[in-house]
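The structure appears right after this line, and notes come after that.
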Amino acid sequence: MKTALMFPYANHLGGTQPLVAIASALREAGHKVVFAARGKCRAYVEECGFEVEDVAELDPDRSVAYINKSSLGYHTRESIAEFVAAETALIEKHKADAVVDLHRPTLKLSAMLTGTPRAVLCNTVLTRYYAGGKFMPESHPLSPIVKHLPQRILQPLSAWAEDRFFESWVRPYNAYLKARGSAVRFESMKDLFEGEATILMDAPEFAPSLPLPPHAHAVGPLVHEQSSKVPAWYSRLDPAKKSVFVYLGSYGEQFTRVIDYLGRMLEASDDFQIVAATGGLYGYSGAKAPANVIVSDYVPASLVLSRNCAAMITHGGRGSIYSALQHGVPLIGIPNQGEQEWNLDAVEKHGLGRKLSAKRIRFDAFSGAVRAVVDDPRFRANAETFRMRLRAYDGVGAASRIIAAMNRPERHAPRVVRPKSNIS
């Protein structure tokens with residue numbers, strides 16, 4: 001039996017659910033799993049029956065402010081020191097055989113300093129292995145300056161700018177290491193999204209990658225929900241009506257506007273019903289919702305997506321996208337930040353739905369996108385094709401087996417090496 005220490009970002013369901021999925025598989029295989037979490041979604045982990053330790057975490061308002069301008073520069077040398085101290089203390093307390101996280105960059109340092117194997121779950125689009133096209137996201141402050149450039153100029157400019165940003169974001173981590181007397185220096189923030197096992201949580205058909213080195217694994221989607229909980233309102237759903245499912249992530253900046261727009265569109269419709277999930281993380285503050293709108297803290301996505309669901313309205317998080325595609329449901333996306341914009345670019349590229357601008361969303365554009373996705377059978381057909389492709393993946397099983405196979409080296413064996421140059 002091994003002990004795995006999990007570090008989710010527990011202010012964000014998308015940063016918590018994949019780790020819970022893997023932890024459940026490891027527990028079923030006889031391993032011990034302990035979570036280190038603080039935040040709104042800690043209760044989600046506890047309800048799944050796991051031991052949870054408190055750990056230093058980013059202030060959610062601060063992290064959202066950075067993420068929503070597509071910046072990863074949220075850590076200072078002081079906050080890095082606080083995080084590493086908390087992480088290493090827990091690693092030593094539980095004598096962890098492996099640590100597992102989802103884009104928690106300080107854990108790269110803690111794992112290195114304690115000689116502990118690290119498995120990091122990654123969205124492919126944020127790694128050096130992503131082979132798809134990316135443009136500077138609308139949410140970035142420089143976007144208004146460059147967005148009118150032709151694509152033949154904008155794409156290489158965006159790639160150059162991304163490399164410079166990732167180089168700048170890693171500086172406080174290097175400053176922390178220098179202050180500790182370590183000779184290790186990282187060249188890019190992307191180096192911190194690498195572990196002894198780097199697990200890409202995507203289907204290559206959706207997020208293509210370059211040829212992967214032995215430590216990197218494209219395992220397919222990692223999706224988790226507490227499906228045993230069936231809310232009381234579920235019996236109110238009419239199986240004869242089409243459903244529109246709304247989930248806009250852990251912050252829900254557009255939630256009230258989307259519900260208001262859907263109410264205007266479909267209030268008089270006898271054909272549609274709307275189910276909107278808040279995750280218990282925010283609420284609806286608009287006019288009284290129409291009778292055919294259900295707003296609920298907890299919504300088991302599969303119960304709605306599998307029951308005559310015409311479309312899902314999403315923020316573009318990878319978990320939400322894969323949840324919909326695993327049921328052959330097309331998407332309408334309203335992204336908050338760069339990663340979500342790139343995810344929704346892929347949705348549009350594959351004919352799986354439509355992407356809207358969060359900065360320029362208006363009722364006419366919103367209703368036009370919803371009508372297009374719901375009324376055009378090609379979106380449904382393309383999503384159904386993807387559903388069949390995704391059946392080939394066992395992301396949770398593959399990831400749990402990779403983690404279970406990791407071995408902690410002898411403490412006297414040096415493991416620290418200078419990372420290779422960024423090849424993206």
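The values are calculated or read from the model by the stated rules, or taken from the named source; none is laboratory data. Treat the numbers as computed from the prediction; the structure is a model and nothing was measured. Cβ sites come from the backbone with ideal geometry, for glycine too, and all protein chains shown count toward neighbours. Surface areas here come from the heavy atoms of the whole protein model, side chains and all, with no ligands, DNA or RNA. Shrake-Rupley method; radii C 1.70, N 1.55, O 1.52, S 1.80 Å.
Listed values, structure above:
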{"item": "Helix axis angle, 77-94 relative to the chain longest principal axis, alpha carbon, degrees", "result": "80 degrees"}
{"item": "Chymotrypsin sites (Phe, Trp or Tyr not before Pro) within segment 122-178: DSSP coil, no more than 12 neighbouring Cβ in 10 Å", "result": "none"}
{"item": "Coil-residue chymotrypsin sites (Phe, Trp or Tyr not before Pro) of segment 277-330, DSSP, other Cβ within 10 Å capped at 15", "result": "TYR298"}
{"item": "Residues whose placed amide H lies under 5 Å from that of ALA98, excluding near-sequence neighbours", "result": "THR3, LEU5"}
{"item": "Net charge dipole size for the chain [Lys, Arg +1 and Asp, Glu -1 on Cβ; Debye, nearest 20]", "result": "660 debye"}
{"item": "Karplus 3J(HN,Hα) series, Hz, for segment 157-172 with 6.51 cos²θ - 1.76 cosθ + 1.60 (x for Gly, Pro)", "result": "5, 5, 5, 4, 5, 4, 4, 5, 4, 5, 5, 6, 5, 7, 4, x"}
{"item": "Charge dipole (the chain, unit charges on Cβ, about Cα centre) - positive-most of VAL34, CYS122, LEU192", "result": "LEU192"}
{"item": "Computed FRET value (nearest 0.05) for GLU253 with ARG391, which takes r as the C-beta separation and R₀ as 51 Å", "result": "0.90"}
{"item": "Over segment 195-288: Rg over Rh, Cα atoms, Kirkwood Rh", "result": "1.12"}
{"item": "Per principal axis, descending, Cα span of the chain in whole Å", "result": "70, 52, 39"}
{"item": "Given charges at beta-carbon only (K, R positive; D, E negative), |dipole| of segment 134-256 in Debye", "result": "280 debye"}
{"item": "Nonlocal amide H pairs with GLY195, under 5 Å, H built at 1.01 Å", "result": "VAL120"}
{"item": "By average C-beta atoms within 10 angstrom, highest first, the peptides 241-249, 112-120, 51-59", "result": "241-249, 112-120, 51-59"}
{"item": "In degrees, nearest ten, helix 363-375 long axis to first principal axis of the chain (Cα)", "result": "90 degrees"}
{"item": "Whole-percent pair-distance distribution, where bins are 5 Å wide, for the alpha carbons of segment 281-398", "result": "2, 11, 19, 23, 22, 14, 6, 2, 1, 0"}
{"item": "Cα centroid of segment 121-167 to Cα centroid of segment 262-289, whole Å", "result": "34 Å"}
{"item": "Distant-in-sequence amide H partners of TYR130 (H built 1.01 Å from N, under 5 Å)", "result": "LEU210"}
{"item": "Choice from SER110, SER302, SER323 with maximal GNM fluctuation in the chain (Cα, 10 Å cutoff)", "result": "SER302"}
{"item": "The chain - percent relative contact order, Cα under 8 Å, separation 6 or more", "result": "18 percent"}
{"item": "In Hz, Karplus ³J(HN,Hα) per residue of segment 51-66 (6.51, -1.76, 1.60; θ = phi - 60°; x = Gly, Pro)", "result": "5, 10, 9, 6, 8, 4, 9, 5, 4, x, 5, 5, 5, 5, 4, 6"}
{"item": "Sequence-distant lysines (8 or more away, or on other chains) whose Cα lies within less than 20 Å of LYS178", "result": "LYS108, LYS190, LYS420"}
{"item": "Apportionment of accessible area to carbon and sulfur, segment 115-261, percent (1.4 Å)", "result": "58 percent"}
{"item": "Per residue accessible area in Å² of the chain, where ligands, DNA and RNA are left out and the probe is 1.4 Å", "result": "42 Å²"}
{"item": "From phi via Karplus (6.51, -1.76, 1.60), per-residue ³J(HN,Hα) for segment 312-328 in Hz, x at Gly/Pro", "result": "10, 9, 9, 7, x, x, 4, x, 5, 4, 5, 4, 5, 5, 5, 10, x"}
{"item": "Cβ-based charge dipole, segment 96-167, positive-most Cα from VAL146, THR106, MET136", "result": "VAL146"}
{"item": "MRE, 222 nm, helices only [DSSP H, n ≥ 4, -39500 (n - 2.57), over the chain, to nearest 500]", "result": "-11000 deg cm²/dmol"}
{"item": "Reachable lysines from LYS147, criterion Cα separation under 22 angstrom, eight or more residues apart if same chain", "result": "LYS69, LYS134, LYS349, LYS355, LYS359"}
